[in-house]
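K.L.:
Structure in structure tokens, see below.
Every number in this text was worked out from the coordinates using simple rules, so none of it is lab data. Remember, it's a predicted structure, so these values are computed and weren't measured experimentally. Don't worry about glycine lacking a Cβ; one is built from the backbone with ideal geometry, like all the others, and counts go over all protein chains shown.
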Amino acid sequence: MLSQIAELSTGASAPQEVECYDKGTVPFVRTADVGQVHYSINFKLAGDYLKEDVVRERGITIFKKDTILIPKSGASTFLNHRVILGMDAAVSSHLATIHVTEANNKFVFYALCLVKAENLTQNAGYPSLRLSDLGDCEILLASEKEQERIAEILITLDEAIQETEGIITSAERLKKGLMQTILVKGIPGRHKKFKRTNVGEIPEDWEVITLDEILDLIKSGLSRLLNHGDVGVPCIRSTNIIDGKIDASDLKYWYWEDDQGADVKTYVLDEGDILINFINSLAQIGKSCVYHDIGRKVIYTTNLFRIKVNQNRILSEYFYYYTLTSKYQRDIVSITKPAVNQASFTSSDFRKLSIALPSLPEQRQIVTILSTLDLRIKYESCKKAGLETLKKSLMQKLLSGEIRVKVEEN
């Protein structure tokens, strides 16, 4: 049992006085801090810092680096989070602290990552974890050297995952920064002369037009109470648009023969159509994607606009990237009419918005630059998913003894 190889305790109640934190230097870790990461073997996040004299006068325990922390109350989604302190810190009374004394600390940490909080918690309404129940957790121990080797393998995978996350973050940051420049000022170094317009300073050879001049079609989708079962044709909803792509894992369906007389075939999406959410919460309204074939014909629902652009004036992919800029988002806010449940904007107001437009050759170059970054992000995201799947599988097998690792015996 965990209690046989570790000392379990808890942190301190958070001081309520604001002055206790004024210019504090002692990290005070709360459940919400741990909730910001799913797991970490070098956790250094603290939202608050206590004064040293407050810690001393109130007898608040400072837990050493390498102490394992597990939320024992708070939001239910936090209860499966696990971290190892990467610094000495005071912690909240809502956190369980585990100081491993008779085993490899990181081996125990990974073993605890497999322990699901729902099997230990009390009170379904507001779940909480008792130290006694945590202490009763059974941990299967290998030899000391095998524990160390297993921990090394899992740490190596964690480091690879973190490195991949860093690449993704950097690529996303680069893409975001580029979009705010390249879609407004053009390709860096290409333009020498600029002009002032109602949409800001743009290259001299660009033109400012309204969206009405480049939209061949803007049409909302079919309004029906959709089915969960596959009764005919999949229907794309706003919830299926995630990060600029169609997520086909949660589709709903409608009939090819509509009982209200609509010609369902007129709602079938074509490759390269742009979908824009025009009825939703303020946080979601305006989100977009370029439709790409998902393997069968699909239609779209009533809170989405289907847009076809004039390909002789603007590329679909260029228009999509434009919808990710700060200018576009500000424009959408300016035409959106808030409501009690959902906000919305009209097609006529959308058509009046202005856009700065480069030549088609420059549009192609810009799309190439941004889509190359998208491909890198997609590749690294797939790599990360693969590493996470491998880690999950190895954790189950290594920590259960199903797979043994060879270690050199002295």
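K.L.:
Please give me the summed charge of the neighbours of Gly135: other residues whose Cβ is under 14 Å from its Cβ, Lys and Arg +1, Asp and Glu -1.
P.N.:
-3
K.L.:
Provide Val184, Val333 in ascending order of the number of other Cβ atoms located within 10 Å of each residue's Cβ, fewest first.
P.N.:
By the 10 Å Cβ count, ascending: Val333, Val184.
K.L.:
Over the range 227-345, consider all pairs of different Cα atoms and compute the Kirkwood hydrodynamic radius from their mean reciprocal separation; express it in Å, one decimal.
P.N.:
Result for the range 227-345 stands at 15.2 Å.
K.L.:
Okay, next question. Using r as the Cβ-Cβ distance of Ile209 and Leu114, and R0 as 51 Å, what FRET efficiency do you calculate, to the nearest 0.05?
P.N.:
Efficiency at R0 = 51 Å is approximately 0.30.
K.L.:
Follow-up question, since we're still on this one. For a label point 7 Å from the Cα of Arg56 along Cα→C-beta, name the residues of the range 8-44 whose backbone N is under 19 Å from it.
P.N.:
Correct set: 15, 19-28.
K.L.:
For the range 1-78, state which trypsin sites (Lys or Arg not before Pro) are in a DSSP loop and have at most 16 other beta carbons lying within 10 Å of their beta carbon. Don't jump to the answer; show the numbers that get you there.
P.N.:
Working: sites: Lys23, Arg30, Lys44, Lys51, Arg56, Arg58, Lys64, Lys65, Lys72; in loops: Lys23, Arg30, Lys44, Lys51, Arg58, Lys64, Lys65, Lys72.
Within the range 1-78, the qualifying trypsin sites (Lys or Arg not before Pro) (loop, at most 16 other Cβ atoms within 10 Å) are Lys23, Lys44, Arg58, Lys64, Lys65.
K.L.:
How long is the range 2-141 along each principal axis, judged by its Cα atoms, biggest number first, in Å?
P.N.:
Largest first, the range 2-141 extends 44, 35, 24 Å along its Cα principal axes.
K.L.:
Then there is this: Using Cβ contacts closer than 10 Å as the measure, can you line up Val199, Val298, Val83, Val91 from fewest to most?
P.N.:
Placing the least packed residue first, the sequence is Val199, Val298, Val83, Val91.
K.L.:
Report the extension gain between Gln36 and Glu408 in nm, rounded to one decimal, defined as 0.36 nm multiplied by the number of residues separating them, less their alpha carbon distance.
P.N.:
Numbers: separation 372, 0.36 × 372 = 133.92 nm, distance 3.89 nm.
Computed gain between Gln36 and Glu408 is 130.0 nm.
K.L.:
Could you please rank Thr67, Thr325, placing first whichever residue has the fewest other Cβ atoms within 10 Å of its Cβ?
P.N.:
Lowest count first: Thr325, Thr67.
K.L.:
At 4 °C and 1.567 mPa s, what whole-number value in µm²/s does Stokes-Einstein give for the translational diffusion of the range 262-410, with Rh from the Kirkwood sum over Cα pairs?
P.N.:
68
K.L.:
Near Ile335, within a Cβ-to-Cβ distance under 14 Å, what is the net charge of the other residues, with Lys and Arg +1 and Asp and Glu -1?
P.N.:
Local charge sum for Ile335: +2.
K.L.:
With no solvent and one point on each alpha carbon, what is the Debye value of log10 I(q)/I(0) for the chain at q = 0.10, 0.11 Å⁻¹?
P.N.:
-0.92, -1.00
K.L.:
Would you work out which of Gly86, Ala14, Val29 lies farthest towards the positive end of the dipole of the range 2-141? Charges go on Cβ: Lys and Arg +1, Asp and Glu -1.
P.N.:
Ranked along the dipole, the leading option is Gly86.
K.L.:
Ile299: net charge of surrounding residues, Cβ under 12 Å, Lys/Arg +1, Asp/Glu -1, itself excluded? Walk me through the numbers on the way to the answer.
P.N.:
Working: positive: Lys219, Arg224, Arg237, Lys252, Lys265, Arg296, Lys297, Arg306; negative: Asp258, Asp263, Asp270, Asp273.
With Lys, Arg at +1 and Asp, Glu at -1, the neighbours total +4.
K.L.:
In the structure shown, do any of Lys185/Lys383; Lys23/Lys116; Lys245/Lys384; Lys193/Lys378; Lys327/Lys352; Lys65/Lys384 have a Cα-Cα gap over 26 Å, and if so which?
P.N.:
Cα-Cα > 26 Å for Lys185/Lys383; Lys23/Lys116; Lys193/Lys378; Lys65/Lys384; rest within.
K.L.:
Moving on. Stretched out fully, how many nm does the piece from Arg330 to Leu282 gain, at 0.36 nm a residue minus the Cα gap?
P.N.:
16.1 nm
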